[in-house]
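Written below as structure tokens is the structure these notes are about.
The values are calculated or read from the model by the stated rules, or taken from the named source; none is laboratory data. Here the structure is a predicted model, which is why all the values come from computation and not from measurement. Note that we place each Cβ from the backbone using ideal geometry, even for glycine, and neighbour counts take in every protein chain shown. Areas reflect the complete protein model, heavy atoms only, side chains present, ligands, DNA and RNA absent. Shrake-Rupley method; radii C 1.70, N 1.55, O 1.52, S 1.80 Å.
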Amino acid sequence: MKKLVKLGFVAVALLLVATGCSKGNAKTKDDTKETTVKLGVIGSDTDVWDNVKERLKKDGINLEYVKFTDYNQPNAALADKSIDLNAFQHQFFLDNYNKEHGTNLVSIGNTVNAPLGIYSDKLKDVKELKDGAKVAIPNDVTNGGRALLLLQTAGLIKVDPAKKQTPTVSDITENKKDLKITELDAAQTARALSDVAISVINSGVAVDAGFTPTKDAIFLEPVDDNARPYVNIIVARKEDENNKIYQKIVTVYQTNETKKVIEETSKGSSVPAWETFGRK
């Protein structure tokens, strides 16, 4: 009887050891589970993100695109938790959105600087613009103001310097050519080319329309210190700012491999912003 009891204790001990070893060495379902992160984007150009998406797979991260056509939709979706991150806007646009909507969305990483451009299917130089010509610009506060500043840089108008980065059409102080400026949704500015002499188009919209900004724009925004507010960013909710999975996505994006894809797909039109302006 004593021998049987002794053998019973030994068996239980061995079972406990075996169980412990199993827990310490085998992967549980949670260890192998793939995490899906919904990323809000604008337009159909996801070449750069496709490369990042493929490299994230080895870390168990599945990047799922949620595509939008309106520039306000991705932030609304992020705020209501329909998506996890978005990547379509610059810091100045985000700051203005937070202010207007009472949201608390934050940048967690810089992506690219994509210069704004003036395009035309009728002219080859802004100097050819005739008096009374029609001009299309984005209608949101940040991109609209940026577009007016670009028209000023091109020597076409002058705006009130007191308005800094957010001038509106009513802040134009000099318009010698009497340009007729029409404000449109940013996504419509490329389609308007047939109806206007020139259109100020965001880089992403221009690329989606088949343009190569450095080649096809008749005037391109300079990339300098003044461009910092217009660096494109990856955005999250404030409470998710330090989420390890989201930070991993930023890390994988900000690599030389991504830089090569940016240079190839944008043909030099977009600049890796983390190299010039830091991680975020």
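Values as computed for the structure displayed
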read-out	value
Filtered residues of the range 217-274 (kept if out of contact with any strand residue (DSSP E or B) (no Cβ under 7 Å at 6 or more places or on another chain), open to solvent by less than 20 Å² (accessible area, probe 1.4 Å) and of a type outside the set (A, V, I, L, M))	Thr258, Ser266, Ser269
Of all residues in the range 112-146 being hydroxyl-bearing (Ser, Thr, Tyr) and open to solvent by less than 10 Å² (accessible area, probe 1.4 Å), the one that is farthest from the chain's Cα centre (by Cα)	Tyr119
The one condition in (1) under 29 Å from Ser44 (Cβ atoms); (2) touching a Gly at 6+ places or on another chain (Cβ under 8 Å) that Asn202 fails to fulfil	(2)
Unique match (being over 14 Å from Gly117 (Cα atoms), hydrophobic (A, V, I, L, M, F, W, C) and crowded, with 17+ Cβ neighbours inside 10 Å) among Val196, Val205, Val200	Val196
Unique match (being under 20 Å from Val223 (Cα atoms) and either among the aliphatic types (A, V, I, L, M) or modelled with pLDDT under 95 (or both)) among Leu149, Leu105	Leu149
Residues that are touching a helix residue (DSSP H, G or I) at 6+ places or on another chain (Cβ under 6 Å), aromatic (Phe, Trp, Tyr) and not in a helix (DSSP H, G or I), drawn from the range 34-92	Phe68, Tyr71, Phe88
Listing of helices (runs of 4 or more DSSP H) fully contained in the range 104-217 that carry 1 or more residues being in contact (Cβ under 8 Å) with a residue 40 or more places away in the chain and of a type in the set (Gly, Ala, Ser)	141-153, 203-208
Hits in the range 165-209 - residues which are out of contact with any strand residue (DSSP E or B) (no Cβ under 9 Å at 6 or more places or on another chain), closer than 30 Å to Trp49 by Cβ and not hydroxyl-bearing (Ser, Thr, Tyr)	Gln165, Val207
